[in-house]
Amino acid sequence: MPLETTLILFKPDAVAKNLVGTVLARFEKEGFKIRGLKMMKLSDEILAEHYSHIADKPFFPDVRGFMQETPVIALALEGEDIIAKVRDLLGPTDSKTAAPGTIRGDFGDKTGESKMRNICHASDSPEAAAAEINRFFAPGEVF
């Protein structure tokens with residue numbers, strides 16, 4: 001299995017609910033290694049770039065508003081086949097359909113009111129991970 005590095009963003013709902021340490025412990029329990037970690041406020045510019053695939057949609061202002069409710073925690077995490085494994089650990093994007101035992105199943109918004117309140121963002125491919133790590137971490141911040 002390939003050794004990969006992926007980006008995780010702890011979203012404002014994870015920060016507000018004090019779940020960052022709990023979720024991070026689940027990643028570490030899997031044997032994944034922290035390569036970079038920082039808290040940051042997301043600017044309009046970085047959000048427009050990160051969500052460029054939906055930035056022209058009428059609901060994007062809601063996404064931007066949510067992602068700016070609190071600072072987020074950016075995490076560069078390394079492990080074998082980590083991109084697929086992290087996405088399995090998280091469960092589906094819609095927390096309402098996520099199984100118990102997955103991070104979103106245990107901690108995400110189960111009301112169905114907001115699919116974006118799902119604890120974490122995770123890269124979905126090696127190419128996306130590389131671009132996202134470069135977006136959220138400056139040179140020298142990932143070890």
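Laboratory data are not the source of any read-out in this text; all were calculated from the coordinates shown. Bear in mind that the values here come from a model prediction, so they are computed numbers and not experimental data. Heads up, the Cβs are rebuilt from the backbone with ideal geometry, glycines too, and the neighbour counts pull from every protein chain shown.
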**Request:** Only one of these is within 22 Å of Pro126 (Cα to Cα) and aromatic (Phe, Trp, Tyr): Phe60, Phe32. Name it.
**Result:** Phe32
**Request:** Among the residues of segment 108-123, count how many are touching a helix residue (DSSP H, G or I) at 6+ places or on another chain (Cβ under 7 Å) and surrounded by 14 or more Cβ atoms within 10 Å (Cβ to Cβ).
**Result:** 10
**Request:** Consider Asn134 carefully, then state whether it is under 24 Å from Met39 (Cβ atoms), out of contact with any Gly (no Cβ under 8 Å at 6 or more places or on another chain) and either among the polar types (S, T, N, Q) or not in a loop (DSSP other than H, G, I, E, B) (or both).
**Result:** yes
**Message:** Restricting to segment 31-71, name every residue that is closer than 15 Å to Leu9 by Cβ and among the aromatic types (Phe, Trp, Tyr).
**Reply:** Tyr51, Phe66
**Prompt:** So which residues in segment 114-131 are in a loop (DSSP other than H, G, I, E, B) and closer than 14 Å to Leu9 by Cβ?
**Reply:** Met116, Arg117, Asn118, Ile119, Ser123, Asp124
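The rows are residues; the columns are (1) exposed (fewer than 14 other Cβ atoms within 10 Å of the Cβ); (2) closer than 11 Å to Leu75 by Cβ; (3) touching a residue at least 60 places away in the same chain (Cβ under 8 Å).
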| site | (1), (2), (3) |
| --- | --- |
| Thr5 | no, yes, yes |
| Phe10 | no, yes, yes |
| Ala16 | yes, no, no |
| Arg26 | no, no, yes |
| Arg35 | no, yes, yes |
| Lys41 | yes, no, no |
**Request:** Answer yes if at least one residue in segment 72-92 is surrounded by 17 or more Cβ atoms within 10 Å (Cβ to Cβ), of a type outside the set (Gly, Ala, Ser), under 14 Å from Pro12 (Cβ atoms) and touching a Phe, Trp or Tyr at 6+ places or on another chain (Cβ under 8 Å), and no otherwise.
**Result:** yes
**Request:** Select from segment 55-112 the residues that are closer than 20 Å to Lys29 by Cα and β-branched (Val, Ile, Thr) and list them in ascending order.
**Result:** Ile73, Ile82, Ile83, Val86, Thr102, Ile103
